[in-house]
Amino acid sequence: MDQGFPGWHGTTILAVRRGGKVVVAGDGQVSLGPTVIKAGARKVRRLSPGGHSVVAGFAGSTADAFTLLERLEKKLEATPGQLQRAAVDLAKDWRTDRYLQKLEAFLIVTDGRELYVITGAGDVLEPEHDVAAIGSGGMYALAAARGLMNGDMDAETIARTAMAIAADICVYTNGNLTVETIAAA
């Protein structure tokens, strides 16, 4: 990835795993430099390749993210029910393919059991503490969610509260959320 890439400025995606469920929340703001272009974008999507449900959230270039989501769907169709294998295969391709290397995005993917952050550097990261976040407000949402994990809130309440905190701090994050919940199969 281009080290000068500013594309991750403009979104926050957070995943929280608790009580047999994973909740993935994404804000709706699309920014072009200092200008808000759209306030209600959907950056969290449900994929159902081969009848196996997966939830994915993306940060970065939208066109690049859609390309990666299409590739992930193909990997999931080739390896039904094996999210880890599909994620690793996608990361390998992303790292080694000349076309894919130019894509500037990050993904969070989950099937309700497994939860991964996938990057163009070839990383497939399984987060600690059952919380993962990406994007410009990701670290704010991550810190808030980790603090809230000590209480008795459910996954969706933690995700929504942490995203509200991130939206209050990060100018590239808003409160128009898309929230998807998936239970462990």
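Each value in this text was obtained by applying a stated rule to the coordinates, not by laboratory testing. In this text the structure is predicted, and so the values were computed from the model without any measurement. Here Cβ is always computed from backbone atoms with ideal geometry, including for glycine, and neighbour counts include all displayed protein chains.
Tabulated results
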{"item": "In order through the stretch 23-38: 3J(HN,Hα) via Karplus (6.51 cos²θ - 1.76 cosθ + 1.60), integer Hz, x for Gly, Pro", "result": "10, 10, 10, x, 6, x, 7, 10, 10, 10, x, x, 10, 7, 8, 8"}
{"item": "Shape call, the stretch 78-129: gyration tensor on alpha carbons, a/c limit 1.5", "result": "oblate"}
{"item": "Residue-averaged 222 nm ellipticity for the chain, from DSSP H runs of 4+ at -39500 (n - 2.57), nearest 500", "result": "-10000 deg cm²/dmol"}
{"item": "Over the stretch 44-134: Rg over Rh, Cα atoms, Kirkwood Rh", "result": "0.92"}
{"item": "Relative contact order, percent, the chain [alpha-carbon distance under 8 Å, six or more residues apart]", "result": "33 percent"}
{"item": "Surrounding net charge for Asn150, when Lys and Arg each add one and Asp and Glu each subtract one, Cβ distance under 13 Å", "result": "0"}
{"item": "Cβ-defined net charge surrounding Val131, 15 Å radius [Lys, Arg +1; Asp, Glu -1]", "result": "-1"}
{"item": "In sequence order, calculated HN-Hα J values of the stretch 121-131 (Karplus, 6.51, -1.76, 1.60; Hz; x Gly/Pro)", "result": "7, x, 8, 10, 9, 9, x, 7, 6, 6, 9"}
{"item": "Within-12-Å neighbourhood charge of Gly28 [Cβ basis; K, R +1; D, E -1]", "result": "+2"}
{"item": "Max mean-square fluctuation residue, GNM over the chain, Cα-Cα springs under 10 Å, options Met163, Met153, Met139", "result": "Met153"}
